[in-house]
Amino acid sequence: MTIKEIIDKTDTLKPNQYSAADKMDWLSDLDGRIMQEVILRHEHDADLPAFIRYSSDADELLVDDVYRDVYLYYLMAQIDFYNAEYGRYNNSSAAFNQAYSDYSRNYHGKHAPIAGHWKNL
């Protein structure tokens, strides 16, 4: 899934005044977090490149399409937070946390952890 696809979906479901550049920054923040908290804690066949912040709306996001709600709810939560709509933010944030937990749990189940890595957490 590309940045443009998730931004377009978010804007359709929750019209807002924030620019695509703002949303791309938020998505970069989230994928940097996913890289650190989930992906880099597991073994991989090859070394993974360092995460680089997104610079194009054609860039592919890290999370599989089946878990795209992670991005959708994250953007919705950010919009609600910056609009000072804290009741909505709480709802969007709860939906994001559940989607993130589902994705993380699935990733952990499919990838072997780095041996001894848990000791450094």
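The values are calculated or read from the model by the stated rules, or taken from the named source; none is laboratory data. Because the structure is predicted, anything quoted here is derived from the model rather than measured. Please note: Cβ atoms are built from the backbone with ideal geometry, for glycine as well, and neighbour counts cover all protein chains shown.
Might you check whether a residue that is modelled with pLDDT under 80, out of contact with any helix residue (DSSP H, G or I) (no Cβ under 8 Å at 6 or more places or on another chain) and either closer than 20 Å to Asp31 by Cβ or of a type outside the set (A, V, I, L, M, F, W, C) (or both) occurs anywhere in the range 103-110? Please lay out each step first, then the result.
The first filter runs over the range 103-110 and keeps only residues modelled with pLDDT under 80, leaving 109-110.
Next cut, out of contact with any helix residue (DSSP H, G or I) (no Cβ under 8 Å at 6 or more places or on another chain) only: 109-110.
Adding the requirement that they be either closer than 20 Å to Asp31 by Cβ or of a type outside the set (A, V, I, L, M, F, W, C) (or both) leaves 109-110.
Checked the range 103-110: at least one residue is modelled with pLDDT under 80, out of contact with any helix residue (DSSP H, G or I) (no Cβ under 8 Å at 6 or more places or on another chain) and either closer than 20 Å to Asp31 by Cβ or of a type outside the set (A, V, I, L, M, F, W, C) (or both).
With the condition kept exactly as written, say whether any residue in the range 85-103 is among the acidic types (Asp, Glu) and in a helix (DSSP H, G or I). Taking every residue of the range 85-103 in turn, at least one turns out to be among the acidic types (Asp, Glu) and in a helix (DSSP H, G or I). Can we say Arg68 is within 12 Å of the chain's Cα centre (by Cα) and either under 19 Å from Asn106 (Cα atoms) or surrounded by 14 or more Cβ atoms within 10 Å (Cβ to Cβ) (or both)? Yes; evaluated as a whole, the condition is true for this residue. Select from the range 9-25 the residues that are in a helix (DSSP H, G or I) and farther than 10 Å from Leu72 by Cα and write down the one among them that is farthest from the chain's Cα centre (by Cα). My answer is Thr12.
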